[in-house]
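These notes concern the structure reproduced below.
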Amino acid sequence: MSLLPKELKYALSHEWASVEAGNIVRVGITDFAQDELGDLVYIELPDVGRKVVANESCAVVESVKTASDIFSPVSGEIVDINTAVADDPEKINEDPYGAWLFCVKADDLSPLDQLLTPDAYEKMITG
């Protein structure tokens with residue numbers, strides 16, 4: 001198990017979230033998630049400009065084993081997507097905390113209070 005970045009918040013559904021200036025929330029999947037999924041082969045990202053609500057499925061990652069929905073941790077507008085991972089999904093397997101998926105300009109950051117701390121997430125995934 002790799003060390004979980006302490007500055008991130010973690011969802012029960014295995015996304016990580018990073019809050020940046022201007023209420024921008026950058027979202028990716030955790031090392032645990034990419035390890036469980038296996039080699040990623042396809043990523044479907046949301047369109048820039050799309051409005052999402054907290055806990056809405058807005059992206060999909062597919063591996064040789066399965067497909068998994070990716071959920072937005074906050075409501076708002078998709079303002080950026082990482083086309084590099086869409087073109088080369090293995091980047092997520094190689095660096096899950098560097099290879100983000102999308103950014104949401106959050107209407108409200110309070111839903112992030114429901115996410116897990118690194119310690120709580122680690123307890124969840126290790127039992």
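The values are calculated or read from the model by the stated rules, or taken from the named source; none is laboratory data. Predicted model only: the values in this text are computed from it and were never measured. Here the Cβ is made from the backbone with ideal geometry for all residues, glycine too, and neighbour counts use every protein chain on show. When the accessible area is computed, the model is the full protein with side chains, heavy atoms only, and any ligands, DNA or RNA have been set aside. Shrake-Rupley method; radii C 1.70, N 1.55, O 1.52, S 1.80 Å.
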| Of all residues in segment 25-36, how many are within 20 Å of S75 (Cα to Cα) and either crowded, with 21+ Cβ neighbours inside 10 Å or small (G, A, S) (or both)? | 4
| Count of segment 37-52 residues which are farther than 15 Å from A99 by Cβ, of a type in the set (A, V, I, L, M) and surrounded by 13 or more Cβ atoms within 10 Å (Cβ to Cβ) | 1
| task | May I ask you to list the residues in segment 59-99 that are within 14 Å of L40 (Cβ to Cβ), in contact (Cβ under 8 Å) with a residue 40 or more places away in the chain and not in a strand (DSSP E or B)? | result | V85, A86, P89, E90, I92, N93, P96, A99
| Residues located in segment 69-85, provided they are out of contact with any Phe, Trp or Tyr (no Cβ under 6 Å at 6 or more places or on another chain) and open to solvent by 40 Å² or more (accessible area, probe 1.4 Å) | D69, F71, E77, V79, D80, T83, A84
| Counting just the residues of segment 1-18 that are in contact (Cβ under 8 Å) with a residue 12 or more places away in the chain and open to solvent by 80 Å² or more (accessible area, probe 1.4 Å), which one comes out farthest from the chain's Cα centre (by Cα)? | M1
